[in-house]
Amino acid sequence: MADKKLQHVFPKAMRYDPDWVRRHSMGENVLFNLESLTKSLHLEPGMRVLDLGCGKAISSIFLAREFGVTVYAVDEAVSASDNYQRICHEKCQDRVIPMEADARALPFAEEYFDAVIVVDSYTYFGTDEKYLPYIARFVKPGGYIAIVDVCFTREVESLEQVPDFLRQDYQRYWYFIHTIGWWRKLWEKTGLVQIEAAQELDEAALVREHYIKDFEGSDEEDAFARAIQLDQQGFISFFKLIGRRTKQTAYLQDYKSEGKK
């Protein structure tokens, strides 16, 4: 019954071998979150897509296969050679280009991509107020910047507001997690993107349920899975944030110049 529900909600992701996905997901099922995000995007064959923080590149393989786009699979911590082996094994080497690069030092031309997609990693660098102006430079006017990640349903503004079940790991990880409203304001005030979606994933409960089930059947220690298992009030969730790059370029140029000083 559970698999039938997943098949109905994630028809694309469920075509992939679950053991393969589990081995190559660095957290919850990356394809579930990605498929949920792409339901709000209009990706067409031939588009150039940056899969930023791609991990083991299964998200890049998914994008190339399901939408016919050309994907630059970029991660700083995972070997491009290892990713290339996975890409070749899945026969996607003509449409997925693996690269090792820092998210803050990308080697691309301005306005090169039709979309930048970030699955489960934007929180590691995107809380910097200057990051959206930086990444927006690489997106064509009208192109997408789209993220899917973990969020809180209530903003934590002091240690006293941290729920008891998060206190053990809060200062090691959870302190940079925010609400959807916090993220929306961060993006809106730049004027660089038009917000098309800023909301909890419709499938958030199902993603949580599946992640907890995997965690309970594993011997591996997983602080994130343990936290959502202990979360009885829905404090932790998953969200998508999608912006379309506006045609404004002056602020982007100012930011570029500032970086050279």
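The values are calculated or read from the model by the stated rules, or taken from the named source; none is laboratory data. Predicted model, so just to flag it, every value in this text is computed and none were measured. No Cβ is skipped: glycine too gets one built from the backbone with ideal geometry, and neighbour counts run over all protein chains shown. Areas reflect the complete protein model, heavy atoms only, side chains present, ligands, DNA and RNA absent. Shrake-Rupley method; radii C 1.70, N 1.55, O 1.52, S 1.80 Å.
Worth a mention:
- For the range 6-23, a tally of residues being farther than 15 Å from Tyr211 by Cβ and either in contact (Cβ under 8 Å) with a residue 60 or more places away in the chain or among the aromatic types (Phe, Trp, Tyr) (or both) returns 2.
- Single condition Ala101 does not satisfy, out of (1) under 19 Å from the mean Cα position of the chain (by Cα); (2) open to solvent by 40 Å² or more (accessible area, probe 1.4 Å): (2)
- Cβ-Cβ distances below 7 Å connect the following pairs, each with a first residue in the range 104-131 that is without any contact (Cβ under 8 Å) to a residue 40 or more places away in the chain and open to solvent by 10 Å² or more (accessible area, probe 1.4 Å), a second residue that is part of a strand (DSSP E or B) and charged (D, E, K, R), and a separation of six or more residues or different chains: Glu111/Lys140.
- Filtered residue count, the range 160-183, keeping only those that are open to solvent by 90 Å² or more (accessible area, probe 1.4 Å) and assigned to a helix (DSSP H, G or I): 3
- Among the candidates Tyr173, Tyr211, Tyr255, Tyr251, the residue that is at pLDDT below 95, touching an Asp or Glu at 6+ places or on another chain (Cβ under 8 Å) and of a type in the set (Ser, Thr, Tyr) is uniquely Tyr211.
- Selection from the range 59-88 of residues that are touching a helix residue (DSSP H, G or I) at 6+ places or on another chain (Cβ under 8 Å), of a type in the set (A, V, I, L, M, F, W, C) and closer than 18 Å to Val116 by Cβ: Ile61, Phe62, Leu63, Phe67, Val69, Val71, Ala73
- Qualifying residue in the range 182-189 (condition: over 21 Å from Leu34 (Cα atoms) and either at pLDDT below 95 or acidic (Asp, Glu) (or both)): yes
- Single unsatisfied condition, Asp149 versus (1) open to solvent by 20 Å² or more (accessible area, probe 1.4 Å); (2) in a strand (DSSP E or B): (1)
- Residue in the range 66-88 that is surrounded by fewer than 17 Cβ atoms within 10 Å (Cβ to Cβ), under 17 Å from the mean Cα position of the chain (by Cα) and not in a helix (DSSP H, G or I) present: yes
- Residue check, Leu31 of a type in the set (A, V, I, L, M, F, W, C) and in contact (Cβ under 8 Å) with a residue 60 or more places away in the chain: no
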